Amino acid sequence: MTDAAADVVTRLRAALGDRVDTTEAARHEARADKSGHAASGLPLAVVRAQSVDDVQQTLRIASDTRTPVVTRGAGTGLAGGANAGAGEIALSVRDMDRILEVRPDDLLAVVEPGILNGDLNAALAEHGLWWAPDPASRAISTVGGNIATGAGGLLCAKYGVVRDAVLGVDLVLADGRLLQLGHRTVKGVTGLDLTSLVIGSEGTLGVVVGATLKLRRLVPGTVCTVAATFPDVRAAATASAAVTASGVQPSIMELMDAASLRAVHDLLGLDEPTPGAAQLTIQTDGPAADAEADAIAATLRAAGGTVAVTHDRAEGERLLAIRRSMHPAMERLGTSLIEDVSVPRSALPAMFDEIARVEREHGLTIPTVAHAGDGNLHPNFLFSSAGSETGHEDDGTIDVPPAIWAAADDLFRAALRLGGTLTGEHGIGVLKRRWLADELGDDQWELQRQIARVFDPHGILNPGKVFAV
Ligand SMILES: Cc1cc2nc3c(=O)[nH]c(=O)nc-3n(C[C@H](O)[C@H](O)[C@H](O)COP(=O)(O)OP(=O)(O)OC[C@H]3O[C@@H](n4cnc5c(N)ncnc54)[C@H](O)[C@@H]3O)c2cc1C
């Protein structure tokens, strides 16, 4: 460690005592998130903040010494955004996990950033309330991380994403100043909407140390589940677009292509699916759930699906468990680069055609699931890299071969051509920064960079993330 680096650690220790963890195990863990990608080298230290003041002190020292700071929630991100490397401070806010206020009358809660989404919702349920964003990682990811990535999930088509469910955030700037952005009111248009700017900013504008969340009352009534199989993925995608166009709003509409379905059936020990068959799993909820499920079933049958409807919640959960098992099923097949593009919902069939083309032209298998209700696809690029059976490096992180990136590049450009976007919910992080200007254009890319510099003039907040250096 250089003298300057040692000085930073000494100053952190003097200010924060044993909240500064310099053990090799802690620094090693802070290098990686769940993308499989890892930063090179070990961070100087992991600061485990327990209060807003801890965060402010860390940033003042970092600002004084021009030391980069990588904020971490639970480290479940899939874009490499929380990965801290050589010469950097990893600032974990995971221990700041209190619920400060719940107001059923105003439908809001004030929380610290480190609370897990699932824990928050368990506590809110006692008040008959919930915070709608529901990433599949809700049991293991933090609300602060959900805000910083602008997370989505299965229920988004009906109940919205994080951006629709945050009234305000408390933000510590790079120099340690604390800002309170947003409001506690339903309406509020005073000044520029900096809360929205912070949502999805991936730790580049400041550290979210508190959030005022917009809540919903738990949905009354029943939940119906509709499962439909189709001869191929294009037919399933066309049927999902027909459901959207019909005007009936499912709470969940998930699509699995044949390769995903086969892998999950194999994992769960279910009967082998019909070769080539793709599946839609759809839920309706609320007082009109039964009638909506019947209307959706009729649309799916007209689109050529073999359809089953259940009004039993447990059976519905069993059907959805097939979709939820995608991650472990892919892990059994080897290493995968989990991608995340979004297209307008009417373009889903065309996007699946593009994925089939990329598979053909690049000689790959790309099992794909989609949140079909909102047009968000997760293609999984399966590979094993040269010199390794699995694509994993010795330390468990992945080494994506250039041929896989070439195929991913082809797929990203196809999504953009169809009017889509590079990332629906996982963010840019390090993994997609090289494509950012392709979507934004040079002028907007430069403007966004300048905005980040206003918040962080010395460029110490998550440098190299989102914007390629
Ligand atoms: C099995 C699995 C399923 C998943 N399913 C989904 C899904 O359905 N939908 C979805 O959107 N994502 C999903 N993800 C991705 C991931 O869980 C989300 O991106 C989540 O929001 C990250 O939260 P985190 O607390 O783990 O954040 P981290 O991974 O710790 O950080 C993510 C980014 O946010 C920044 N950050 C974190 N906390 C703060 C803060 N307080 N202030 C400022 N910046 C901060 C970090 O610097 C980093 O750039 C999934 C991941 C896994 C492993």
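The values are calculated or read from the model by the stated rules, or taken from the named source; none is laboratory data. Please read all numbers here as calculations on a predicted model, not as lab measurements. In this analysis, Cβ positions are derived from the backbone assuming ideal geometry, glycine residues included, and neighbour counts consider all displayed protein chains. Surface accessibility is based on the protein's heavy atoms, side chains included, excluding ligands, DNA and RNA. Shrake-Rupley method; radii C 1.70, N 1.55, O 1.52, S 1.80 Å.
I'd like the antiparallel share, as a percent to the nearest 5, of DSSP beta bridges with both residues in the chain.
85 percent
Count charges around D266 for me, please; just the other residues with Cβ under 14 Å from its Cβ, Lys/Arg as +1, Asp/Glu as -1.
That works out to -1.
Which residue, G427, G464, Q448, has the largest displacement toward the positive end of the dipole of the stretch 422-469 when charges sit on each Cβ (Lys, Arg +1; Asp, Glu -1)?
G464
Mind jotting down a quarter of the surface of the convex hull over the alpha carbons of the stretch 155-286, in square nanometres, one decimal?
11.9 nm²
Pairs of alpha-carbon atoms within less than 8 angstrom and 6+ residues apart define the contacts here; what relative contact order does the chain have, in percent?
Answer for the chain is 15 percent.
If you restrict to DSSP beta bridges whose two residues both lie in the stretch 24-161, what percentage is antiparallel, to the nearest 5?
Antiparallel: roughly 45 percent of the beta bridges in the stretch 24-161.
Quick one: accessible area per residue over the stretch 113-248, 1.4 Å probe, rounded to a whole number of Å²?
I get 39 Å² per residue for this part.
With unit charges on the beta carbons (Lys and Arg positive, Asp and Glu negative) and the dipole taken about the Cα centre of the stretch 125-231, which residue among T185, L205, V143 sits farthest to the positive side?
Value: T185.
Under the classification rounded if a/c is under 1.5, otherwise prolate if a/b is larger than b/c and oblate if not, where does the stretch 92-141 fall, given a ≥ b ≥ c as square roots of the Cα gyration tensor eigenvalues?
Here the stretch 92-141 falls in the oblate category.
Quote the charge dipole size of the chain about the Cα centre in Debye, to the nearest 20; the model charges only the Cβ of Lys and Arg (+1) and of Asp and Glu (-1).
In debye, rounded to 20, the chain gives about 740.
How long is the gain from R216 to T22 if the chain were fully straight, where each residue apart is worth 0.36 nm and the alpha carbon distance is subtracted?
Stretched out fully, the R216 to T22 stretch lengthens by 65.7 nm.
Rounded, prolate or oblate: pick one for the stretch 341-384, where a ≥ b ≥ c are the square roots of the eigenvalues of its C-alpha gyration tensor, a/c under 1.5 means rounded, and failing that, prolate if a/b is larger than b/c, else oblate.
The shape class here is oblate.
How fast does the stretch 243-299 diffuse by Stokes-Einstein, in µm²/s, taking the Kirkwood radius from C-alpha pairs at 20 °C and 1.002 mPa s?
168 µm²/s
Taking only the C-alpha atoms, wrap a convex hull around the stretch 306-452 and report its volume per residue in Å³ as a whole number.
Per-residue hull volume (Cα only) is 168 Å³.
For the stretch 213-364, what percent of Cα pairs sit more than 20 Å apart?
52 percent
Using 0.36 nm times the number of residues separating D410 and A123, minus their current alpha carbon distance, what extension gain do you get?
Result for the pair: 98.9 nm of gain on full extension.
Which listed residue (V219, I115, S384) has the Cα farthest towards the positive end of the charge dipole for the chain, taking +1 on Lys and Arg C-beta and -1 on Asp and Glu C-beta about the Cα centre?
V219
If you stretched the chain out fully between L440 and L100, how much longer would it get, using 0.36 nm times the residue separation minus the C-alpha to C-alpha distance?
118.6 nm
Which percent of the accessible heavy-atom area of the chain goes to carbon and sulfur, probe 1.4 angstrom?
52 percent
Search the structure for amide H atoms under 5 Å from the amide H of H378, placed 1.01 Å from N in the peptide plane, and list their residues when 5 or more places away or on another chain.
Under 5 Å from the amide H of H378 lie the amide H atoms of V369, A370, H371, each far enough along the sequence or on another chain.
Jot down the per residue volume, in cubic angstrom and as a whole number, of the convex hull over the alpha-carbon atoms of the stretch 136-217.
104 Å³
Could you work out Rg/(2.2 N^0.38 Å) for the chain, with Rg from alpha carbons only?
Taking N as the residue count of the chain, the ratio is 0.99.
Tell me what the chain gives for mean residue ellipticity at 222 nm when only DSSP H runs of n ≥ 4 count, each as -39,500 (n - 2.57), the sum divided by the residue total, rounded to 500 deg cm²/dmol.
For the chain, the value works out to -10500 deg cm²/dmol.
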